[in-house]
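Below is one structure, written out as structure tokens; the observations come after it.
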Amino acid sequence: IESLKGKDCLTLLDYTTDQLVYLLQLAKDVKAKQKAGQIYQPLKGKVLGMIFEKSSTRTRVSFEAGIYQLGGTGLFLSSADLQLGRGEPIGDTAKVLSGYLDGIMIRTFQQSDIEELADNATIPVINGLTDDFHPCQVLADLQTIEEVKGKLQGLKIAYIGDGNNMAHSLMIGAAKMGMDFSTAAPEGYLPKQAIVDRAKEIADANQVTITITTDPIEAIKNADIVYTDVWASMGQESEQKKREALFASYQVNPALLKHAKPDYMFMHCLPAHRGEEVTADIIDGDQSYVFQEAENRLHAQKALMIALMAD
Ligand code: CP
Ligand code: NVA
């Protein structure tokens, strides 16, 4: 496979299926090493800058712990404190940081901002969430599904809820890994058509399907994996009330889950709102894997950093 060294990770569209298989195998290996208490430091002396324009628990802590465990160090850079927050151009920031660092992880709003950063940086840029994509989350999700189900190919993922960054990245990840994907949301809140079109091309080539519907029962039918996310993402706080009303019939609850496979896995990127997109009995129940999924952020991102940044 083509080496990932020096590449960016702006969306999973950047990677071939073989490269994703490679990353998932590496994630499994680094997890096993860590569980065995083995010190493994292929990023000794490397520095990762982590720019946050939005809040984070998992992404911040897993990247910072991960780079440290691999022998390097992470710098938490709040955009409120960077000159970026006072209007210094993204391109200038990218050129300056490229002189100091070995990689940049950024969480921001517009995908075009991260593209501009990557175009001007000479070091790998990793998307730690934008309005459109959350690729690192999906790498961890795929690792988790493989751990639980023993495979990816041939499974069906149903994503019930807002057509947001998670919907987009899961759709692409599923299509690349040969999994059927379906999603349901109210009209006007379905995934972006341009991204659906890209994912459908990949799905067609891999002989799997992508189903976009407003009917949650249709979407969840026979699903092996049932995934949801908040109805109002970061930046959409003012729409919370309106969205609660619009999405009420899209709650993942025992009645809806009757239509999934009996041995479904429940997943959620977290943070979750119990009683909104999912009921507490489900997210805290036996078929929920949300904390294994959260832990795998660490392992999957360590694999990603090794692939992009190691000598
Ligand atoms: N799932 C996720 O990215 O969580 P944080 O917002 O806490 O980083
Ligand atoms: N869709 C959510 C995911 C948070 C990890 C958001 O963007 O806020």
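In percent, rounded to a whole number, the relative contact order of region 1-96 is 23, using alpha-carbon pairs under 8 Å and six or more apart.
Normalising the average separation of contacting C-alpha pairs (under 8 angstrom, six or more residues apart) by the number of residues puts the relative contact order of the chain at 21 percent.
Checking every one of the GluC sites (Glu not before Pro) in region 166-244 against DSSP loop status and a limit of 11 other Cβ atoms within 10 Å picks out Glu187. Among the listed pairs Lys149/Lys261; Lys35/Lys149; Lys192/Lys242; Lys31/Lys54; Lys7/Lys35, those with a Cα-Cα distance over 22 Å are Lys31/Lys54; Lys7/Lys35. Determine Rg/Rh for region 1-160; Rg is computed over alpha-carbon atoms and Rh is the Kirkwood hydrodynamic estimate from the same atoms. Rg/Rh for region 1-160 comes to 0.97. The GNM of the chain, with springs linking C-alpha atoms under 10 angstrom apart, assigns the highest mean-square fluctuation among Gly161, Gly45, Gly74 to Gly45. Between Ser238, Ser62, Ser112, the Gaussian network model of the chain with springs among Cα atoms under 10 angstrom shows the greatest mean-square fluctuation at Ser238. Our summary gives region 137-293 a relative contact order of 24 percent, counting only alpha carbon pairs under 8 angstrom and 6 or more residues apart. By the helix-only formula, in which each DSSP H run with n ≥ 4 contributes -39500 (n - 2.57) and the sum is divided by residues, the chain has a 222 nm mean residue ellipticity of -12500 deg cm²/dmol.
Measuring how big the chain is from its alpha-carbon positions, Rg and Dmax come out at 18.8, 55 Å. How much of the pair distance distribution for region 170-311 lies past 28 Å, counting alpha-carbon pairs only, in percent? The proportion of pairs with Cα distances above 28 Å equals 22 percent.
With respect to the chain, whose longest principal axis is taken over its alpha-carbon atoms, helix 165-176 is tilted by about 90°.
None of the figures in this text is laboratory data; all of them are computed from the coordinates on show. Worth saying up front: this structure is predicted, and the values here are computed from it rather than measured. Positions of Cβ are generated from backbone atoms using ideal geometry, with glycine treated the same way; all protein chains shown enter the neighbour counts.
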